[in-house]
Amino acid sequence: MLRERQHRREALQDKAKTLLARPDVEMRELNALVEAESAASVQEDRQLRELWLNLNDALDDAQRRQVATLLNEQLQRVVPEGRPGGGRGGERGGEKGGERGGRAMGGHGRGGMGGGPGGISIGG
């Protein structure tokens, strides 16, 4: 699912470059592409969280505690926006923590709840 998302975002990037290179560029076309990507990402995030919850349900108490500890460690590495090292792409406190931790929860590399590697973003 995450590989498909990355391929889709790369295709969006290519389409955006093509649109923006046209002399008669219409920004609403670009917005429609971005909105479609955003909607697909929201749906995938829901599916991935549900998969993780199903996996969690299959664990015993000791395994659940290990997962909770790991996730807590990952969250400790996330640098909040507006802080030194924060901002776009700076949310990851380190490749080991932020990147892997964000993807582990089915997100875009920001703790699993939003943002995104690569691609374009209009309005946040």
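The values are calculated or read from the model by the stated rules, or taken from the named source; none is laboratory data. Everything quoted here is computed from the prediction, not taken from an experiment. Ideal geometry is used to build each Cβ from the backbone, glycine not excepted, and the neighbour counts take in all protein chains shown. Calculation scope for accessible area: heavy atoms of the full protein, side chains included, ligands and nucleic acids excluded. Shrake-Rupley method; radii C 1.70, N 1.55, O 1.52, S 1.80 Å.
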I need every pair where a residue in region 44-60 that is without any contact (Cβ under 8 Å) to a residue 12 or more places away in the chain has its Cβ under 9 Å from the Cβ of a residue that is open to solvent by 90 Å² or more (accessible area, probe 1.4 Å), sequence separation at least 6 or different chains.
Leu59/Gln66
Residues satisfying the stated conditions in region 18-57, i.e. more than 19 Å from Met1 (Cβ to Cβ) and either in contact with a Pro (Cβ under 7 Å, 6 or more places away or on another chain) or aliphatic (A, V, I, L, M) (or both)
Leu19, Leu20, Ala21, Val25, Met27, Leu30, Ala32, Leu33, Val34
For region 33-47, enumerate the residues that are closer than 17 Å to Ala11 by Cβ and surrounded by 11 or more Cβ atoms within 10 Å (Cβ to Cβ).
Leu33, Val34, Glu35, Ala36, Glu37, Ser38, Ala40, Ser41, Glu44
